[in-house]
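Asker: Mind looking over this structure? Questions follow.
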Amino acid sequence: MNEFKDKTVIVTGAASGIGRALSEELSRKGAIVIMADIHRDGLQQAASKLTESGARAETAYLDVTRAEDVQALIDKVISDHGRLDYIFNNAGIAVAGEARDLSLDHWRRVIDVNLWGVIYGTNAAYSAMVKQGFGHIVNTASLAGLVGSPTMIPYSTTKFAVVGLSTSLRAEAEEFGVNVTAVCPGFIQTGIFDAATYIHSRKDDMLAKLPFKPMDVDEAARIILRGVARNKAIIVFPFYGRVLWWLQRLHNSLIKPVARKTVKDFRELRTESKAKGSS
Ligand code: NAD
């Protein structure tokens with residue numbers, strides 16, 4: 001059974017990475033995909049690849065930090081298509097660095113996109129879906145939303161919040177025919193590593209220290225859609241993500257060595273990068 005055929009789907013952060021791969025896979029499955037992103041050129045490129053192959057993909061320039069624009073997009077999609085079956089609140093950004101080096105502006109930027117962006121999308125879609133009596137809200141959190149992630153604290157803060165929002169809303173929404181899922185991937189090969197802000201550290205050094213090899217993004221999109229089709233509450237992958245999550249729930253101290261190693265590795269890089277004068 002193909003749950004996505006002829007369904008109307010909004011994907012935010014669709015110009016790159018997971019959002020783009022989700023849009024491609026959804027199109028392949030026959031969905032009408034409204035690809036939304038703040039990156040105009042990337043969006044056009046991603047969408048034209050789809051429409052050239054006959055997919056029913058549309059684009060919408062969208063900054064998810066603007067509540068009125070998110071609402072307007074959802075209203076337009078419902079007015080154009082008569083329904084909204086799925087929204088993937090997926091746009092996200094990252095800042096890597098130690099808490100002692102972060103400004104409030106770093107915090108605000110991450111919270112605005114990763115948390116307020118998801119709240120705006122969830123809030124507007126939920127009202128519409130309750131009215132129509134069906135729909136599925138899929139919020140991209142992260143493994144960093146299940147397991148504490150030193151050196152990524154604003155990011156991890158927003159992702160824990162997205163898991164809380166999604167799992168709590170799921171219980172309220174069920175009776176109205178609305179499903180809610182939180183997606184919690186480990187490392188995925190996407191543009192997020194290029195787009196991230198690195199404080200007293202460098203991208204290449206950070207990538208070299210990743211404890212796990214990033215997963216191929218198309219494979220990630222297929223895993224996410226399989227979980228969504230099964231209406232899972234939380235989709236956690238790859239396998240090491242499930243192990244870390246399980247260890248943390250068993251006893252918090254069990255993942256302490258991983259957290260300690262992350263801090264130690266980062267501090268070695270931090271010292272070096274400070275010595276070289278980068279920030
Ligand atoms: P990406 O950088 O490849 O894609 C993110 C997209 O979001 C970009 O196209 C960007 O233009 C868009 N975006 C950023 N700010 C926006 C805004 N204000 N309004 C609209 N669009 C905006 O990164 P990705 O890895 O594909 O990230 C997608 C989601 O997956 C994020 O929420 C991220 O936190 C999450 N995630 C990623 C990983 C990973 O390892 N890549 C792991 C876990 C979770």
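Asker: To the nearest 10 degrees, how steeply does helix 217-229 sit against the main Cα axis of the chain, on a 0 to 90 scale?
Answerer: Helix 217-229 sits roughly 50 degrees off the main axis of the chain.
Asker: Once the Cα gyration tensor of the chain is diagonalised, what are the square roots of 5 times its eigenvalues, in whole Å and ordered largest first, as equivalent ellipsoid semi-axes?
Answerer: Value: 32, 20, 17 Å, ordered largest first.
Asker: In segment 1-85, what trypsin sites (Lys or Arg not before Pro) fall in a loop by DSSP, with at most 11 other Cβ atoms inside 10 Å?
Answerer: Loop-located and lightly packed - K5.
Asker: To the nearest 10 degrees, how steeply does helix 153-173 sit against the main Cα axis of the chain, on a 0 to 90 scale?
Answerer: Computed tilt is about 30 degrees.
Asker: Taking only Cα atoms and a 10 Å spring cutoff, compute GNM fluctuations for the chain and point out the largest among T181, T158, T59.
Answerer: T59
Asker: How far apart, in nm, are the 7 Å Cα→Cβ label points at L102 and D63?
Answerer: 2.2 nm
Asker: Specify which residue in the list A72, A47, I32 is farthest towards the positive end of the charge dipole of segment 24-88, using unit charges on the beta carbon of Lys, Arg (+1) and Asp, Glu (-1), about the Cα centre.
Answerer: Positive-end residue among those listed: I32.
Asker: Same structure, new question: Return the calculated 222 nm mean residue ellipticity for the chain, to the nearest 500 deg cm²/dmol, obtained by summing -39500 (n - 2.57) across DSSP H runs with n ≥ 4 and dividing by the residue count.
Answerer: Using -39500 (n - 2.57) per qualifying helix, the result is -15500 deg cm²/dmol.
Asker: Could you let me know the centre-to-centre spacing of segment 226-253 and segment 161-180, using Cα atoms, in angstrom?
Answerer: First find each Cα centre; the distance between them is then 17 Å.
Asker: Mind jotting down the three principal axis lengths of segment 68-126 based on Cα atoms? Whole angstrom, largest first.
Answerer: 49, 18, 15
Asker: Could you identify which residue out of A96, A196, A55 has the top mean-square fluctuation in a GNM of the chain using Cα springs shorter than 10 Å?
Answerer: A196
Asker: Using only the Cα atoms of segment 38-107, what semi-axes does the equivalent ellipsoid have when each is the square root of 5 times a gyration tensor eigenvalue? Give whole Å, largest first.
Answerer: 30, 17, 10
Asker: How large are Rg and Dmax for segment 120-215 when calculated on the C-alpha trace, in angstrom?
Answerer: Calculated on Cα positions, Rg and Dmax stand at 16.3, 49 Å.
Asker: How large is the translational diffusion coefficient of segment 175-224 in µm² per second when you combine the Kirkwood radius over alpha carbon pairs with Stokes-Einstein at 25 °C and 0.890 mPa s?
Answerer: For the chosen part, D equals 185 µm²/s.
Asker: Rounding to the nearest 10 and keeping the result within 0 to 90°, find how far the Cα-based axis of helix 256-275 lies from the longest principal axis of the chain.
Answerer: Relative to the chain, helix 256-275 is tipped by roughly 70 degrees.
Asker: Could you line up S201, S48 from fewest to most neighbouring Cβ atoms inside 10 Å?
Answerer: Result, fewest neighbours first: S48, S201.
Asker: Step through the table entries K29/K131; K213/K261; K5/K159, compare each Cα-Cα distance with 22 Å, and write down the pairs that go over it.
Answerer: The pairs that break the limit, which is 22 Å between Cα atoms, are K29/K131; K5/K159.
Asker: Same structure again: In straight Cα distance, which aspartates and glutamates are under 18 Å from K203, not counting same-chain residues fewer than 8 positions off?
Answerer: Here the aspartates and glutamates satisfying the reach criterion relative to K203 are E98, D101, D194, D265, E268, E272.
Asker: Looking at the chain as a GNM with Cα springs under 10 Å, which of V113, V130, V33 has the largest mean-square fluctuation?
Answerer: Highest fluctuation among the options: V130.
Asker: Additional query: Which loop-located trypsin sites (Lys or Arg not before Pro) does segment 123-229 contain, where loop means any DSSP state but H, G, I, E or B and the Cβ has at most 11 other Cβ atoms within 10 Å?
Answerer: none
Just so you know, all these numbers are worked out from the coordinates, no wet-lab data involved. A quick note: this is a predicted structure, and the numbers were derived from the prediction, not measured. Cβ: placed from backbone, ideal geometry, glycine included. Neighbour counts: every protein chain shown.
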